[in-house]
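Q: Structure in structure tokens, see below.
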Amino acid sequence: MKIILEDGRYVVAVSGGVDSVVLLDLLTKEKGLILAVAHFDHGIRDESYIDRDFVEQLAVKYGLEFYSEDGNLGNRASEEQARIARYNFLERVKDEFNAHLIITAHHQDDLLETAALNILRGTGRKGLSSLKSTKSLFRPLLNYSKEEIIEYALKNNLNWVEDKTNLDTKYRRNYVRHELLSNLSDNEKDHLIDVVHKTDIINKEIDKALNAEINNHTTKDEMDRYWFVMLPHDLSEEIMAQWLRNSGLASFDRKTINRSVIAAKTLKPGKKSEIYKNFKLLIEDKSLKIIK
């Protein structure tokens, strides 16, 4: 296992689990990298301070700067709340450390779990290929399986901590991991991974076509309502979803899209329809607008 990165400053998200411990060890073996270790304590488990102390000692071992924050989310926090809080923290550390990128330990099994979760959420084609590297976030282990990661950890005598909540199937991701994907054969997993990669390529081409149409019928946060009303329903949903993504509203589900499409086509001018996060769709005679 090897990670290739340009020289520079990077924030490494380390939970203390085997994935992030292996990630950190791999990165410290690369020359020219200035690393900071970032640990977010969600505050979901009473004993989570043990993980924090463990990660801090790892940072000391490798001679790296250490950043941490207590989220105090409580044991009723949803997976979405925990994810948002964690990434907000990582972005703050990135700015403070003046880093090029945030690096996380998501691996191939996470790729499959995310695809399955998004199918269940009804996110459509984009959900199948949503877990990938971005301009500000690097996920170098996506081509490695959990089995390979554990094998590396054992071979290199690495220690890690186990998060007991990873076994709790009340969390949907754990249910998908332990009850669904664990029953698939290696060949079936390989097939799903191939589907995910091919979908990502197809999605890029579809997005180009959608954006070309959207650009012809929108100005900033305003869309031509007459053009939109005349579209077939399935295409309307794709256009609406892409328009929201382009406007920075990407965390929607299929119900949100369907509700917004119906509102855009049927509500009288002057009416508003809730999107989410205090954003609304304003219906006007000739246009649709995203407002707060």
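Each reported figure results from applying straightforward, stated rules to the coordinates on display, with no laboratory input. Because the structure is predicted, anything quoted here is derived from the model rather than measured. Here the Cβ is made from the backbone with ideal geometry for all residues, glycine too, and neighbour counts use every protein chain on show.
Q: Residue farthest toward the positive end of the dipole of the chain, with Cβ of Lys/Arg at +1 and Asp/Glu at -1: which of 11, 233, 93?
A: Of the candidates, 233 comes out farthest on the positive side.
Q: Related question: Arranged by the count of other C-beta atoms within 10 angstrom, fewest first, what order do 189, 271, 155 take? Before the final figure, lay out the partial values.
A: Working: 189 16, 271 13, 155 9.
Starting with the residue having the fewest Cβ neighbours, the order is 155, 271, 189.
Q: Under unit Cβ charges (Lys, Arg +1; Asp, Glu -1), what dipole magnitude, rounded to 20 debye, does the chain have relative to its Cα centre?
A: Details: 44 positive and 47 negative charges, 277 e Å.
Taking the Cα centre of the chain as origin, the dipole is about 1340 debye.
Q: Next question. What pairs from 220/268; 204/292; 135/170; 61/277 go past 31 Å between their alpha carbons? The partial results should precede the final answer.
A: Working: 220/268 22 Å; 204/292 29 Å; 135/170 33 Å; 61/277 42 Å.
From 220/268; 204/292; 135/170; 61/277, over 31 Å: 135/170; 61/277.
Q: Taking θ as phi - 60°, what are the ³J(HN,Hα) couplings along the stretch 30-40 by the Karplus curve (6.51, -1.76, 1.60), each to the nearest whole Hz, with x for Gly and Pro?
A: Whole-Hz 3J(HN,Hα) from phi for the stretch 30-40: 8, 7, x, 9, 9, 10, 10, 9, 10, 10, 9.
Q: Could you check how many percent of all C-alpha pairs in the stretch 53-121 are farther apart than 17 Å?
A: Details: 1443 of 2346 pairs.
Of the Cα pairs, 62 percent sit more than 17 Å apart.
Q: Starting at the first residue of the stretch 99-107, write each ³J(HN,Hα) from the Karplus equation 6.51 cos²θ - 1.76 cosθ + 1.60 with θ = phi - 60°, in whole Hz, x for Gly and Pro.
A: 8, 6, 9, 9, 10, 10, 9, 4, 10
Q: Please determine, in degrees from 0 to 90 and to the nearest 10, the orientation of helix 254-266 with respect to the longest principal axis defined by the Cα atoms of the chain, where the helix direction is its Cα long axis.
A: Helix 254-266 and the main axis of the chain meet at about 20 degrees.
Q: As a check on your grasp of the helix formula, calculate [θ] at 222 nm for the chain: sum -39500 (n - 2.57) over DSSP H runs of n ≥ 4, divide by the residue count, round to the nearest 500. Can you show the working numbers first?
A: On the way: 10 runs with 137 residues, N = 292.
It lands at -15000 deg cm²/dmol.
Q: Oh, and also: Considering the Cα trace of the chain, what is its radius of gyration and what is Dmax, both in angstroms?
A: Gyration radius and largest Cα-Cα distance of the chain: 21.5, 67 Å.
Q: To continue, here is another question. Mind checking the log10 I(q)/I(0) for the stretch 48-169 at q = 0.11, 0.15 Å⁻¹? Debye, one equal scatterer per Cα, no solvent, two decimals.
A: Results for the stretch 48-169 at q = 0.11, 0.15 Å⁻¹ read -0.48, -0.94.
Q: Follow-up. Using amide H atoms built in the peptide plane, which far-off residues or other-chain residues are under 5 Å from residue 137 H to H?
A: 102
Q: For the stretch 181-221, state the average projected area of the convex hull of the C-alpha atoms over all orientations, rounded to one decimal in nm².
A: Dividing the Cα hull surface by four gives the mean projection, 4.2 nm².
Q: For helix 108-121, report the angle its Cα long axis makes with the longest principal axis of the Cα atoms of the chain; keep it between 0 and 90° and round to the nearest 10°.
A: 30
Q: Explain nothing, just the number: relative contact order of the stretch 8-183, from Cα pairs under 8 Å at least 6 residues apart, as a whole percent. Please report the intermediate quantities before stating the final value.
A: Working: 264 pairs, mean separation 47.2, N = 176.
Computed value for the stretch 8-183: 27 percent relative contact order.
Q: May I ask you to evaluate 6.51 cos²θ - 1.76 cosθ + 1.60, the Karplus curve with θ = phi - 60°, for each residue of the stretch 185-197 and list the ³J(HN,Hα) values in order in whole Hz, giving x for glycine and proline?
A: These are the phi-based 3J(HN,Hα) values: 6, 4, 5, 5, 5, 4, 5, 5, 4, 4, 4, 4, 5 Hz.
Q: Turning to a different aspect of this structure: Going by C-beta contacts inside 10 Å, put 104, 123, 134, 28 in order with the fewest on the left. Numbers along the way, then the final one.
A: Numbers: 104 27, 123 20, 134 9, 28 15.
In order of increasing Cβ crowding within 10 Å: 134, 28, 123, 104.
Q: If each Cα of the stretch 91-153 is one equal point scatterer, what is log10 of I(q)/I(0) from the Debye formula at q = 0.18 Å⁻¹?
A: Results for the stretch 91-153 at q = 0.18 Å⁻¹ read -0.75.
Q: Decide, for the stretch 120-179, between rounded, prolate and oblate: order the square roots of the alpha carbon gyration tensor eigenvalues as a ≥ b ≥ c, take rounded if a/c falls under 1.5, and otherwise choose prolate if a/b is larger than b/c, else oblate. Could the numbers behind the result be given before it?
A: Details: a/c = 2.41, a/b = 1.27, b/c = 1.89.
In terms of gyration-tensor shape, oblate.
Q: Could you give the semi-axes, largest first, of the ellipsoid that matches the stretch 145-292, computed as the square roots of 5 times the alpha carbon gyration tensor eigenvalues and rounded to whole Å?
A: Working: eigenvalues 353, 70, 40 Å².
Over the Cα atoms of the stretch 145-292, the ellipsoid semi-axes are 42, 19, 14 Å.
Q: Give me the lysines in straight-line cross-link reach of residue 164: C-alpha distance below 20 Å, same-chain residues under 8 apart excluded.
A: Answer for residue 164, where 20 Å is the Cα cut-off: 146, listed by chain and number.
Q: Please determine, in degrees from 0 to 90 and to the nearest 10, the orientation of helix 18-28 with respect to the longest principal axis defined by the Cα atoms of the chain, where the helix direction is its Cα long axis.
A: The angle comes out near 80 degrees.
Q: Which ordering of 220, 146 is given by a fewest-first count of other beta-carbon atoms within 10 Å? Please list the in-between numbers first.
A: Numbers: 220 8, 146 15.
The order, fewest Cβ neighbours first, is 220, 146.
Q: How much length is gained on full extension from residue 213 to residue 31, taking 0.36 nm per residue of separation minus their Cα-Cα distance?
A: Taking 0.36 nm per residue and subtracting the Cα distance, the gain is 60.9 nm.
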